[in-house]
Amino acid sequence: MTKTGLAILLAGIASTAWAGIPAEQEDCLGCHTDPAQTFDLPSGEKLSLFVDQEAFAKSVHGEALRCTECHADKTSDHATGELKFKTRREVTKAYYEQCKGCHFANYTKTLDGVHFAVMAKGNDKAALCVDCHGAHDISHPAQPRTRISKMCARCHAKEAEVYANSVHGRAAETSPDVPVCTDCHRAHDTTDPRDGALARRTPEICGRCHGDEKLMARYGLSTKVIDTYLADFHGMAASFQKGKKSGPGVRLAAVCTDCHGVHDIQKPTDPQSTVMAANLQKTCQKCHPDANASFPKAWLSHYEPTPQKAPIVWGVLLFYKILIPFMMGGLVLQIALHLWRVVVNR
Amino acid sequence: MSDYIVRFNLQQRVEHFISMVVFCLLCLTGLPQKFYTAGWAHTLVAGLGGIDATRWIHRICGLTLALSTVVHFANAIYAMLSKRVGFSMVPTRKDFEDAILQLKYYLGLTEEHPHYDRYDYKQKFEYWGLIFGNLIIISSGLILFFPTSAALLIPGELIPAAKMAHSNEGLLAFLTITIWHIFNAHLNPDVFPFDASIFTGKISRERMVHEHPVELARLEGGAPIDVHAAGAHGNRREVG
């Protein structure tokens, strides 16, 4: 086939793409054509009955689904003027179950998510499938990736604004590497950040990018941040506290976000950064209220002990690296000689 | 002549017992913190009731060790000043000569075996190792226990150095005890399987003849017995 032939064929497919979608095989689109067509719900809200056929055809389901695959209970004679729903939200909630038929894995994940938990407690506003993905106009969520954060911002405006001004948020528009909301919070089984479980996982979550040599090389960042953190008092304690939840009287070791911030993370050289040398004492004081100006120097700033960065710590380590093998070698040698003489004497 | 000689008084036995118990607990709660990436460390910490419980056990044992060290020194200084006891633990020139002679003996370069006084050079080595180790581990442990208060007294840079010292000194102590002390007090053919004198306070006269002839002679007001002429056991026992 020639290139021209291929182009003509592709153009042909494209031009007929929404003219012949499966949804048209049913009668629904014959009626649901008027943008002004609404149904009055008992709550006083107006439920739009309009289906934007063009938008649906372009959606991920356009080529795949007929109307009744989601609207299973609707038949061609359903226009009796009766709907069991009282509010607009009830309609949306009723369709929560519809996605499950095909997207079972992601549906199941949502049952572990904070949105489902909040909804189960009676908060009607908690996000359902369609709140994030849309209904008739569903498209791939990560195109572009920044769309994800904007979508979350519709409900979480305060957090989104803080994030947008952070080192990650500022770079999100231009860099494909920086995290968007779901990279840390996850999409379907979104963790409740309030019980501290998400924070417990930050060494791993942040480490996914900040431990990646190739990725960090692009920004001139060290990948030693995770190991040096884990080797320190906080990291070691945190690794033993995995899965532990915060609560009254529970003291949890500081994780990444306790020092660097959460949505407001800045470069450590940024004057706004909580980990900038000048701000560090205040940051330490969040957990160590009595911390004086000298206290932050107890932290090696993610550096490994070297003669330049931490000469005293390095010196102590060197001392023991020599002393322990020397001492143990000497003792074992003497024991060996002793036993040898015992054998000789016998 | 009694078959047994009282070697350790009640206070010394109690001090050893406390040190032994807290040392085991300190290793059990400290080593998993040093080797925090190992699977066994996590199993152990979970078994102890989590990292917070583990650390509290460690701190309480550490304070007990610190207290027993202070009491030990206070007693030792008082006893020495009141001239009830001699400076039997102080290393002397003889200890170095004994060590060299002992090693020569092990190597088969001599048949002459050192004649030890109340404490031989190995016991003094272990004692002073424990004392200096305790000083390092207690002071660094207190810095780690109260880091913000420590920063008022010392530069902040010393806190991670204290952590490094504490962690390595702990490992050194653990290895010394498991290798050296377990050998000398348990696996050494002279005492195998168990040298009970630090628990019972008593030691057989026979062992005193071979292991501490100089002290025995002093106690009994006679000249040191020539162990090589002692006969019955011949050279076979003269290895400790």
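The values are calculated or read from the model by the stated rules, or taken from the named source; none is laboratory data. Just so we're clear, the structure is a prediction, and the values are computed from it rather than from any experiment. Cβ coordinates were reconstructed from backbone atoms using ideal geometry, including for glycine residues, and neighbour counts include every protein chain displayed.
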Next item on the list: Report those helices (runs of 4 or more DSSP H) wholly inside segment A:255-346 carrying at least 1 residues which are of a type in the set (Asp, Glu) and more than 10 Å from every other protein chain (Cβ to nearest Cβ).
Entry: A:256-260
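May I ask you to verify whether A:Thr191 is touching a residue at least 24 places away in the same chain (Cβ under 8 Å), touching a His at 6+ places or on another chain (Cβ under 7 Å), part of a loop (DSSP other than H, G, I, E, B) and surrounded by fewer than 19 Cβ atoms within 10 Å (Cβ to Cβ)? So that I can check it myself, show each step before the final result.
Details: touching a residue at least 24 places away in the same chain (Cβ under 8 Å): yes; touching a His at 6+ places or on another chain (Cβ under 7 Å): yes; part of a loop (DSSP other than H, G, I, E, B): yes; surrounded by fewer than 19 Cβ atoms within 10 Å (Cβ to Cβ): yes.
In short, yes.
Residue-wise test of (1) under 26 Å from B:Gly30 (Cβ atoms); (2) touching a helix residue (DSSP H, G or I) at 6+ places or on another chain (Cβ under 7 Å); (3) of a type in the set (D, E, K, R).
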site	(1), (2), (3)
A:Cys209	no, yes, no
A:Lys224	yes, no, yes
A:Thr228	yes, no, no
A:His234	yes, no, no
A:Phe240	yes, yes, no
A:Lys267	no, yes, yes
A:Gln281	no, yes, no
A:Phe295	yes, yes, no
Next item on the list: Select from segment A:236-251 the residues that are buried (at least 20 other Cβ atoms within 10 Å of the Cβ) and in contact (Cβ under 8 Å) with a residue 24 or more places away in the chain and write down the one among them that is farthest from the other protein chains (Cβ to nearest Cβ).
Entry: A:Ala238
Margin query: Regarding segment A:239-251, can at least one residue be identified that is farther than 28 Å from A:Cys132 by Cβ and part of a helix (DSSP H, G or I)?
Written below: yes
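Out of segment A:82-116, which residues are among the polar types (S, T, N, Q) and in a helix (DSSP H, G or I)? Reasoning before the result, please.
Looking only at segment A:82-116, we keep the residues that are among the polar types (S, T, N, Q), and these are A:87, A:92, A:98, A:106, A:108, A:110.
Answer for segment A:82-116, where residues must be among the polar types (S, T, N, Q) and in a helix (DSSP H, G or I): A:Thr92, A:Gln98, A:Asn106, A:Thr108, A:Thr110.
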Checklist line | Complete set of residues in segment A:98-111 that are surrounded by fewer than 14 Cβ atoms within 10 Å (Cβ to Cβ) and either farther than 20 Å from A:Glu69 by Cβ or of a type in the set (Ser, Thr, Tyr) (or both) | finding: A:Thr108, A:Leu111
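For B:Glu157, state whether it is under 16 Å from the mean Cα position of the chain (by Cα) and within 11 Å of chain A (Cβ to nearest Cβ).
Numbers: under 16 Å from the mean Cα position of the chain (by Cα): no; within 11 Å of chain A (Cβ to nearest Cβ): yes.
Considered against the rule, which asks whether it is under 16 Å from the mean Cα position of the chain (by Cα) and within 11 Å of chain A (Cβ to nearest Cβ), B:Glu157 comes out as no.
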Note to self: Considering only residues that are among the charged types (D, E, K, R), more than 17 Å from A:Asp183 (Cα to Cα) and more than 14 Å from chain B (Cβ to nearest Cβ), which ones fall in segment A:203-235?
What the structure shows: A:Glu213, A:Lys214, A:Arg218, A:Lys224
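If I go through segment B:28-87 residue by residue, how many of them are in a loop (DSSP other than H, G, I, E, B), of a type in the set (Ser, Thr, Tyr) and away from every other protein chain (no Cβ under 11 Å)?
So the first thing to find is which residues in segment B:28-87 are in a loop (DSSP other than H, G, I, E, B), and the list is B:35-38, B:48-50, B:82-87.
Narrowing further to those that are of a type in the set (Ser, Thr, Tyr): B:36-37, B:82.
Now restrict to residues that are away from every other protein chain (no Cβ under 11 Å): B:82.
Number satisfying all stated conditions: 1.
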Note to self: All but one of (1) within 16 Å of the chain's Cα centre (by Cα); (2) surrounded by fewer than 20 Cβ atoms within 10 Å (Cβ to Cβ); (3) modelled with pLDDT under 95 hold for B:Ala229; state the number of the condition that does not hold.
What the structure shows: (1)
Next item on the list: Would you check if B:Trp180 is out of contact with any Cys (no Cβ under 6 Å at 6 or more places or on another chain), of a type outside the set (S, T, N, Q), closer than 18 Å to A:Gly330 by Cβ and buried (at least 21 other Cβ atoms within 10 Å of the Cβ)?
Entry: yes
Item checked: Selected residue (criterion: nearest to A:Leu337 (Cα to Cα)) from residues of segment B:188-204 that are of a type outside the set (S, T, N, Q) and exposed (fewer than 14 other Cβ atoms within 10 Å of the Cβ) -> B:Phe192
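Here is a yes/no grid of residues against (1) buried (at least 18 other Cβ atoms within 10 Å of the Cβ); (2) within 13 Å of chain A (Cβ to nearest Cβ):
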| residue | (1), (2) |
| --- | --- |
| B:Tyr106 | yes, yes |
| B:Leu109 | no, yes |
| B:Tyr116 | yes, no |
| B:Asp120 | yes, yes |
| B:Lys124 | yes, no |
Next item on the list: Inspect segment B:132-150 for any residue being touching a Ser or Thr at 6+ places or on another chain (Cβ under 8 Å) and within 9 Å of chain A (Cβ to nearest Cβ) and give the result as yes or no.
Entry: no
